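See below for the structure under consideration.
The values are calculated or read from the model by the stated rules, or taken from the named source; none is laboratory data. Because the structure is a prediction, the values reported are computed rather than measured. All Cβ positions, even for glycine, are placed from backbone atoms using ideal geometry, and neighbour counts span all protein chains on display. Remember, those area values only see protein heavy atoms, side chains included, never the ligands or the DNA or RNA. Shrake-Rupley method; radii C 1.70, N 1.55, O 1.52, S 1.80 Å.
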Amino acid sequence: MGTLTSFSFNAVNLRFTSSSIFRQRVGVQVFGSRKLNTKLCYLIPKEVSREKFLKFRCFCGTNNSNNDADYTQNDGEIKEDSSNTASSTESTVTTASPPEDKAVQEKRTSNELPPSLSSRPPNIAPLGSVYNDFQIDSFKLMELLGPEKVDPADVKLIKDKLFGYSTFWVTKEEPFGDLGEGILFLGNLRGKREDVFAKLQTQLAEIVGDKYNLFMVEEPDSEAPDPRGGPRVSFGLLRKEVSEPGPTTLWQYVIAILLFLLTIGSSVELGIASQINRLPPEVVKYFTDPNAVDPPDMELLYPFVESALPLAYGVLGVLLFHELGHFLAAFPKKVKLSIPFFIPNITLGSFGAITQFKSILPDRSTQVDISLAGPFAGAALSFSMFAVGLLLSSNPDATGDLVQVPSMLFQGSLLLGLISRATLGYAAMHAATVSIHPLVIAGWCGLTTTAFNMLPVGCLDGGRAVQGAYGKGALVGFGLTTYTLLGLGVIGGPLSLPWGLYVLICQRTPEKPCLNDVTEVGTWRKTAVTVAVFLVVLTLLPVWDELAEELGIGLASTF
């Protein structure tokens, strides 16, 4: 059995408030080992207060070591100290008496404790401290990996110096952002919202510099509109490194280049497939007969690559013109866009491209302008090729440049089928095959791809335009309707399933709102969005057999 030599403890200050919960008895426990080398751990309350409830000083020791430790638990922190150790031969548990006056406690402590203490090492710690260490480290790791939150000192400074009677009177604060990393100030607007927002943005830069982004958004769960008209507004505050999208990485550039090369290949494949009436029979059989197993010699397709290039150029031209429209609309507004990620598609050449915003949009009007600029530019070039191709198809001198396609392909679009019927005539369209110029195919594919990208859903161009023109609530309704129509095959025909999967897979996380996400766009922008959605429906709406037979679009049945 070990022998306890000279022993002393540091003075322990116990401070309690008048609340009854802090008048409870506080236990002092001594943990001992049953082994020969007895180890003790005294847990003594170091400080008790309302703000910091318990702090435990842990004295551990044996007869065979020279180190010591002081473990303090306080709001998730553990501190080490090397001043207090102990050693004993048996385990005891004592219960402290109710708190006394501070002076009396210090007096009793000084009278009862020996004057010296020989250092003893801690070889054992309570099991609970290991779990607490792991839990605390986990919380710290999550805090480090999570988004950086708004500094509370800055929040107080902004409330005191930014908001006020003449701008916006704050009545409540709530978390703001995807993970609650920001602050949402709710209250009462004291002026015209656009003027107030411009003034607050200027003053914010003067107070805290270029550190935060201030968003003017609709007040969530508002019970009534603003007395001045329109929805009630609130102001959200986010750090710039959290709210602004990150730069394009090297790997993203590599992926974008690879996808573009694959899109070139799919566009050439479309050009070769458009010459189906000229391809070798074994190649046609392999791609059209579901029972065909043995692939043909692909070298047979090499002579058709050169004649497929004009169509491939047309498809790629539409894609590039589409993206150019986005960049030209974003440049005057100083909005940064990412490099486009083209998505290959063997049916139409491409699904289009995914382009991300790399800066926060200033307002909803900018969102509508940038979203519509790309589809309008692509549609303009596509329709030009489609119209020129139809005119060349009806020209007898261009017979050598025409290709034969099944007339039922024109049933894929009500709008484009009616235009083709009006240009080529009933006799040409009401046949098994139709002779058309390759520009018709390029324009048709470009218009179809543009229409799909203008679907009012998610982060597609159409979804962004609808959100900017009519708000997030309207986008939810339009999105559910679009998914339903695609799922039922009402729009898109045979292409509805792959496009529906593309929309679901390629949807990204919700984008940050505009800085001014409240001010509505003008009437002409809403009209442009409405007309665009209407044309999209007409373009993607297929013609059923009865209507096709009556209109003379394709040969729906043979007699």
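Here are a few things to note about the model shown:
- Any hit, segment 543-555, residues being within 25 Å of A377 (Cβ to Cβ) and touching a strand residue (DSSP E or B) at 6+ places or on another chain (Cβ under 9 Å): no
- Looking across G182, G164, G209, one residue alone is small (G, A, S) and in contact with a strand residue (DSSP E or B) (Cβ under 6 Å, 6 or more places away or on another chain). It is G182.
- Residue in segment 401-410 that is of a type in the set (D, E, K, R), part of a helix (DSSP H, G or I), farther than 16 Å from L538 by Cβ and open to solvent by less than 60 Å² (accessible area, probe 1.4 Å) present: no
- Scanning segment 490-530 for residues that are surrounded by 15 or more Cβ atoms within 10 Å (Cβ to Cβ) and among the basic types (K, R) turns up K512, R525, K526.
- Enumeration of residues in segment 201-237 that are of a type in the set (A, V, I, L, M, F, W, C) and closer than 23 Å to G468 by Cα: L214, F215, M216, V217, A224, V233, F235, L237
- Qualifying helices (runs of 4 or more DSSP H) (wholly inside segment 423-515; at least 3 residues being polar (S, T, N, Q)): 438-453, 472-488
- Matching residues, segment 261-292, being among the polar types (S, T, N, Q), at pLDDT 75 or above and either surrounded by fewer than 17 Cβ atoms within 10 Å (Cβ to Cβ) or within 19 Å of L439 (Cβ to Cβ) (or both): S266, S267, S274, Q275
- Segment 190-286 holds helices (runs of 4 or more DSSP H) entirely within its bounds, and those carrying 3 or more residues that are in contact with a Pro (Cβ under 9 Å, 6 or more places away or on another chain) map to 250-273.
- Some residue of segment 236-252 being touching a Phe, Trp or Tyr at 6+ places or on another chain (Cβ under 9 Å), hydrophobic (A, V, I, L, M, F, W, C) and outside the structural domain of V518 (by the TED database): yes
- Residue count for segment 161-186 satisfying the condition of being assigned to a strand (DSSP E or B), open to solvent by less than 30 Å² (accessible area, probe 1.4 Å) and within 17 Å of R228 (Cβ to Cβ): 2.
- Apart from one condition, L238 fits all of (1) modelled with pLDDT of 90 or more; (2) open to solvent by 60 Å² or more (accessible area, probe 1.4 Å); (3) out of contact with any Leu (no Cβ under 7 Å at 6 or more places or on another chain); (4) over 30 Å from L311 (Cα atoms); the exception is (2).
- Any hit, segment 162-182, residues being aliphatic (A, V, I, L, M), on the phi < 0 side of the Ramachandran plot, at pLDDT 80 or above and not assigned by the TED database to the domain that holds N516: yes
- Every pair of residues 6+ apart whose Cβ atoms lie under 6 Å, when the first sits in segment 413-426 and is outside the structural domain of T539 (by the TED database) while the second is open to solvent by 30 Å² or more (accessible area, probe 1.4 Å) and not in a helix (DSSP H, G or I): none
- Scanning segment 531-544 for residues that are part of a loop (DSSP other than H, G, I, E, B) and open to solvent by 30 Å² or more (accessible area, probe 1.4 Å) yields L541, P542, W544.
- The condition of being in the same structural domain as L515 (by the TED database) and more than 33 Å from the chain's Cα centre (by Cα) holds for only one of F321, F331, F304, F327, that being F304.
- Evaluating Y313 against the criteria (1) at pLDDT 90 or above; (2) not in a helix (DSSP H, G or I) leaves one unmet condition, (2).
- Reported count of residues in segment 329-352, each being aliphatic (A, V, I, L, M) and open to solvent by 20 Å² or more (accessible area, probe 1.4 Å), is 5.
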